[in-house]
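Student: Structure in structure tokens, see below.
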Amino acid sequence: MKDFYADYIQDERWLIKETEWAKELQNKRESQFALGNGYLGARGILADMPVGAIPGLYIAGLYDKMGSQVDELVNLPNPINFKFTIEGHKLDAIAMDVASHNRTLNMKKAILVQRTLYRDRKKRQFDYQSLRFMSMKDKNIGVMQIILTSLDEDCSADINTGIDTSVSNIPRLSEGYKKHFRVRELGQEDNAGYLAIETLQKKHIVVFRSGFYYEVEGKKVFAKDNVFKIHLKKNHPIIFTKLFFIKHFPYKQDIANIKTQTRKAFRKVFHEDFTRLLAEHMRLWERAWKRADVLVKGTANIQQNLRFNIYHMLICGWRDNGFSSIAARTLSGEGYRGHVFWDAEIFVFPFFLFNFPDIAKNMLMYRYRRLNKSRALAQEEGFKGAKFAWESARNGEEETPEWSTDINGKIIPIHTQQMEHHITADVAYAFYKYFVVTKDEKFMEDYGYEVLFETARFWASRVKFNKKRAKYEIPNIIGPDEFHINVKNNAYTNMIARWNLITAYNLFNKLKKNTHLFKHLKEKLALENKEAIDWKRISQRLKLRIAKSGLIEQFDGYFKLKKVIFDKFDENGLPIIPKDWGSEDFSKTQLIKQPDVLMLLYLLGEDFNDKTKIANYKFYINKVTHNSSLSPSVSALNACEAYDLPKAYSLFNVALHIDISNIFGNSHEGVHAASLGGTWQTVIFGFGGVKIMKDKLSITPRMPLSWHTLEFCLFWQGNILNLKLTNDCVKIKNVSQKKKILEIYIFGRKTTISPGKWFSFIRRTPIGKKQYYY
């Protein structure tokens, strides 16, 4: 039997494969094989919907709260639904026997291809082939094609391919299953299905249009209904092609205009040729990969798995003027209810900043559009300025649930929304980094300065002055290490707050040169000179406990806690902890959930010397339990800074495989955004040695010795830089049309490059060739 889609799955370096049907892996594969275009995200379900499938179709930024503790990303009706019943026998991997099964995600083309040979109880065999994609050209369009062949005899098949409204959001604790929408209208018109739904809180209308046609022996027939019977001839393939259109609108009582608008948009593409739609989609993906791809030459399997991480970031990057940002589990599942955490700004944002700065800007606009709500959150707690929600969704309100499941399975109260305030400075940090990398002064004038000033105001009101020690302190806080709650003077929080205060002070003084803008912002924010002076004064006296050795105490009293040494490790090199231990048990020890002091040293590395970085790395690295998906990548980055390449490479491999190997056992809830971005940062900033030093780009590679070369692109201040790195040589070309000379640091030496040609720089003292991490 002909393999109709063989040409689309040729290059192994771009493919993620499922080579057999395993029911227990079904939900994990649905996350791993997710498709998306930034606006729409669809889990990689089997279209025939076998028992146990968890369908998920999501629109970026579309939330609803009805029936749940907090806002949730809405699981929308499923348009991928396409079921066959052969003379009473349902065609799927559970109802029938599976003689062979292959599914392939082509990450370069963002298409999902399947070929399965089914066998019913009469021993009749059916060849099932399919190809599916979410259009990158028209973000409202999804396309799927199925080719079904009866191999043994003529038979009849019932087809049901409507838009399935029976879906619901997954249950959480005591909430049960929830449906966050209700049907407003549905029907058939122009040989296509039509469905309009509204979210239960009446914030949005979502319109679906869906139609399909089938081809038999070269004849195309447009189906008049989505439920009908068809005759299958032996060894005569029938090609079914389905297109669906999905778009959301602000809630309206009268949707007549919406119906007209969506009808026109759908009809425009419905009659287009399938191969043309696919070709346009693949062309845009080729363009995206030209900018985003990272080539690692010399080590098997690294390339595919690294592309897996990049692919999953590409399918959730969107430009909607801040209506949405990137959730902790992207658009591939409902983990963390689709909420936006600091994962977005600290872990995912750098990938987009250095590759697609317009998407990075959109992520910042998400925060700016919720600045007024953040001001209200600060005011409600008795603070000034703006305090960003620990978990954010639709409008910036605090969406952290009050209860959650602990590591040991027990239900515990959550305190992050009350105390994990570092996210406010994390957001400010991202705004400033955007300015450094893009030099987009207009963005800062319109949005950025306001965010930096309002977040500085928050910290100035959040600190407490200790008269006895003549120091400012931050009590009742949670740092990145969430095992230890309600602590005092968490080092990460104090230092990122200090950075926020002094950066805002410096920008305030810089703005004095722009008389008109300075006056405008002072009036808009009711900001006085004395307030900015206070920011500097507070930043200079904000407490940090650091010994002569350079060792930083994570928080007041941390060194007095019980010391615990790991003695058992799993196959990934991660520590094995007692199964009955919960957060309360960890809180009595020096064990930490994820890097905390080390996170500080990574983000604010310019403020600390190598001695301090190495001392803290050696002390803290063996205390990390890695109970967070963002932990391995940050730990790997710190290992690079401490010149511990064996540990860096080991932890990098954990981060690289977190979702493709389901290391944390919860990938069925969606892929981990923080790990995706952290893995990319480990390659580029860790092994590639790319840094920002004194607002200048710096490159000093420190790659694993088995890597022959590392090749990638970077956006930097309006320029596109092509880089080819080895440990001893940096080749760089500025491919931009600008004629301006670019000043950068390579191997610690300041140099300049002009556009349009390659420059090579050699390390003065070559790195030895000893394989020191195997």
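Student: Tally time: how many residues in segment 521-579 are outside any helix (DSSP H, G or I), in contact with a strand residue (DSSP E or B) (Cβ under 8 Å, 6 or more places away or on another chain), open to solvent by 50 Å² or more (accessible area, probe 1.4 Å) and closer than 27 Å to Y492 by Cα?
Tutor: Summing the residues that are outside any helix (DSSP H, G or I), in contact with a strand residue (DSSP E or B) (Cβ under 8 Å, 6 or more places away or on another chain), open to solvent by 50 Å² or more (accessible area, probe 1.4 Å) and closer than 27 Å to Y492 by Cα in segment 521-579 gives 5.
Student: Quick check on my filter: what residues within segment 554-588 are without any contact (Cβ under 8 Å) to a residue 40 or more places away in the chain and either of a type in the set (K, R) or in contact with a Lys or Arg (Cβ under 6 Å, 6 or more places away or on another chain) (or both)?
Tutor: Correct list: K560, K562, K563, K568, I576, K588.
Student: In segment 480-497, what residues are surrounded by 24 or more Cβ atoms within 10 Å (Cβ to Cβ) and of a type in the set (D, E)?
Tutor: Selection gives D481 alone.
Student: Out of everything in segment 398-451 that is over 24 Å from the mean Cα position of the chain (by Cα) and open to solvent by less than 10 Å² (accessible area, probe 1.4 Å), what residue ends up being farthest from A504 (Cα to Cα)?
Tutor: M444
Student: Need pairs with beta-carbon distance below 7 Å; first residue touching a residue at least 40 places away in the same chain (Cβ under 8 Å) and closer than 18 Å to I692 by Cα and within segment 422-438, second among the polar types (S, T, N, Q) and open to solvent by 10 Å² or more (accessible area, probe 1.4 Å); sequence gap 6+ or separate chains.
Tutor: Y432/T503; V437/Q717; T438/Q717
Student: Which of the numbered conditions does N235 fail, given that it passes all the others? Conditions: (1) on the phi < 0 side of the Ramachandran plot; (2) surrounded by 11 or more Cβ atoms within 10 Å (Cβ to Cβ); (3) of a type outside the set (F, W, Y).
Tutor: Unmet for N235, out of (1) on the phi < 0 side of the Ramachandran plot; (2) surrounded by 11 or more Cβ atoms within 10 Å (Cβ to Cβ); (3) of a type outside the set (F, W, Y): (1).
Student: Also, quick follow-up: Here is a list of conditions, (1) surrounded by fewer than 20 Cβ atoms within 10 Å (Cβ to Cβ); (2) in contact (Cβ under 8 Å) with a residue 40 or more places away in the chain, and D71 meets all of them except one; can you say which number that is?
Tutor: Looking at each condition in turn, D71 falls short on (1).
Student: Report, ordered by the first and then the second residue, all pairs with beta carbons closer than 7 Å, sequence separation of six or more or different chains, a first member in segment 689-702 that is open to solvent by less than 40 Å² (accessible area, probe 1.4 Å), and a second member that is among the basic types (K, R) and outside any strand (DSSP E or B).
Tutor: G689/R702
Student: Pairs only if they're at least six apart or on different chains, beta carbon under 6 angstrom, first in segment 639-651 and free of Cβ contacts under 8 Å to residues at least 40 places away in the same chain and under 16 Å from N622 (Cβ atoms), second in a loop (DSSP other than H, G, I, E, B) and of a type in the set (G, A, S); list them, first residue then second.
Tutor: Cβ pairs passing all conditions: none.
Student: Please specify each residue of segment 609-636 satisfying the condition of being in a helix (DSSP H, G or I), in contact with a Ser or Thr (Cβ under 6 Å, 6 or more places away or on another chain) and either farther than 16 Å from G573 by Cα or not aliphatic (A, V, I, L, M) (or both). Steps first, please.
Tutor: Initial filter on segment 609-636 (in a helix (DSSP H, G or I)): 610-623, 631-636.
From what is left, the residues that are in contact with a Ser or Thr (Cβ under 6 Å, 6 or more places away or on another chain) are 615, 633, 636.
Passing the criteria: A615, S633.
Student: A follow-up question, please. Identify, from the list F685, F652, the residue that is in a helix (DSSP H, G or I) and open to solvent by less than 20 Å² (accessible area, probe 1.4 Å). Write out each step before concluding.
Tutor: Values: F685 fails: open to solvent by less than 20 Å² (accessible area, probe 1.4 Å).
Every option except F652 fails the conditions.
Student: Do we find that D481 is touching a Pro at 6+ places or on another chain (Cβ under 9 Å) and in contact (Cβ under 8 Å) with a residue 24 or more places away in the chain in this structure?
Tutor: Numbers: touching a Pro at 6+ places or on another chain (Cβ under 9 Å): yes; in contact (Cβ under 8 Å) with a residue 24 or more places away in the chain: yes.
Criteria met by D481.
Student: Could you list all residues from segment 721-741 that are among the hydrophobic types (A, V, I, L, M, F, W, C) and open to solvent by 30 Å² or more (accessible area, probe 1.4 Å)?
Tutor: Answer for segment 721-741, where residues must be among the hydrophobic types (A, V, I, L, M, F, W, C) and open to solvent by 30 Å² or more (accessible area, probe 1.4 Å): V735, I741.
Student: Now, a different point. Among the listed residues E441, E391, E482, E420, identify the single one that is touching a helix residue (DSSP H, G or I) at 6+ places or on another chain (Cβ under 9 Å) and over 26 Å from A327 (Cα atoms). I'd like the intermediate steps shown before the answer.
Tutor: Values: E391 fails: over 26 Å from A327 (Cα atoms); E482 fails: over 26 Å from A327 (Cα atoms); E420 fails: over 26 Å from A327 (Cα atoms).
On inspection, the qualifying residue turns out to be E441.
Student: Hey, among L601, L630, L591, which residue is farther than 21 Å from T682 by Cα and either buried (at least 24 other Cβ atoms within 10 Å of the Cβ) or within 21 Å of the chain's Cα centre (by Cα) (or both)?
Tutor: On the way: L601 fails: farther than 21 Å from T682 by Cα; L630 fails: farther than 21 Å from T682 by Cα.
Being farther than 21 Å from T682 by Cα and either buried (at least 24 other Cβ atoms within 10 Å of the Cβ) or within 21 Å of the chain's Cα centre (by Cα) (or both) holds for just one of L601, L630, L591, which is L591.
Student: OK, next. Here are some residues: I660, I692. Which one is part of a strand (DSSP E or B) and on the phi < 0 side of the Ramachandran plot?
Tutor: On the way: I660 fails: part of a strand (DSSP E or B).
None of the others qualify; the one that does is I692.
Student: If K220 satisfies every condition in (1) on the phi < 0 side of the Ramachandran plot; (2) in contact with a Gly (Cβ under 8 Å, 6 or more places away or on another chain) but one, which is the exception?
Tutor: (2)
Student: Residue pairs, Cβ under 9 Å, 6 or more apart or interchain, first in segment 251-267 and touching a residue at least 24 places away in the same chain (Cβ under 8 Å) and open to solvent by 50 Å² or more (accessible area, probe 1.4 Å), second of a type outside the set (S, T, N, Q) and in a helix (DSSP H, G or I). List them.
Tutor: Between residues of segment 251-267 that are touching a residue at least 24 places away in the same chain (Cβ under 8 Å) and open to solvent by 50 Å² or more (accessible area, probe 1.4 Å) and residues that are of a type outside the set (S, T, N, Q) and in a helix (DSSP H, G or I), the close pairs are K252/I258.
Student: Restricting to segment 626-638, name every residue that is of a type outside the set (G, A, S), within 19 Å of F483 (Cβ to Cβ) and without any contact (Cβ under 8 Å) to a residue 60 or more places away in the chain. Lay out the reasoning, then the answer.
Tutor: Applying the first criterion (of a type outside the set (G, A, S)) to segment 626-638 yields 626-627, 630, 632, 634, 637-638.
Now drop any that are not within 19 Å of F483 (Cβ to Cβ), which leaves 626-627, 630, 632, 634, 638.
H626, P632, V634, N638 - these are the residues of segment 626-638 that are of a type outside the set (G, A, S), within 19 Å of F483 (Cβ to Cβ) and without any contact (Cβ under 8 Å) to a residue 60 or more places away in the chain.
Student: Of everything in segment 492-535, what is under 14 Å from M444 (Cβ atoms) and not polar (S, T, N, Q)? Give them in sequence order.
Tutor: Taking segment 492-535 as the starting set, the residues that turn out to be under 14 Å from M444 (Cβ atoms) are 503-504, 506-508, 510-511, 513-514, 517-518, 520-521.
Within segment 492-535, A504, L507, F508, K510, L511, K513, L517, F518, H520, L521 meet the criteria.
Student: Collect the residues in segment 455-479 that are in contact with a Gly (Cβ under 6 Å, 6 or more places away or on another chain) and open to solvent by 10 Å² or more (accessible area, probe 1.4 Å), keeping them in residue-number order.
Tutor: Answer for segment 455-479, where residues must be in contact with a Gly (Cβ under 6 Å, 6 or more places away or on another chain) and open to solvent by 10 Å² or more (accessible area, probe 1.4 Å): just R457.
Student: Enumerate the pairs (first residue in segment 605-619 and surrounded by 19 or more Cβ atoms within 10 Å (Cβ to Cβ); second residue anywhere and assigned to a loop (DSSP other than H, G, I, E, B) and of a type in the set (D, E)) with beta-carbon separation below 8 Å, excluding pairs fewer than 6 apart on the same chain, so at least 6 apart or on different chains.
Tutor: Pairs that qualify, where the first residue is surrounded by 19 or more Cβ atoms within 10 Å (Cβ to Cβ) and the partner is assigned to a loop (DSSP other than H, G, I, E, B) and of a type in the set (D, E), are Y617/D644.
Student: Got a sec? Which strands (runs of 3 or more DSSP E) wholly within segment 80-185 have at least 2 residues that are within 34 Å of the chain's Cα centre (by Cα) and touching a residue at least 40 places away in the same chain (Cβ under 8 Å)? Give the derivation first.
Tutor: Details: elements: 83-86, 97-106, 111-119, 125-134, 141-150, 155-160.
The qualifying strands (runs of 3 or more DSSP E) are 97-106, 111-119, 125-134, 141-150.
The values are calculated or read from the model by the stated rules, or taken from the named source; none is laboratory data. The model shown is predicted, which means the values in this text are computed figures rather than measured ones. Ideal geometry is used to build each Cβ from the backbone, glycine not excepted, and the neighbour counts take in all protein chains shown. All accessible areas refer to the heavy atoms of the entire protein, side chains included, with ligands and DNA or RNA removed. Shrake-Rupley method; radii C 1.70, N 1.55, O 1.52, S 1.80 Å.
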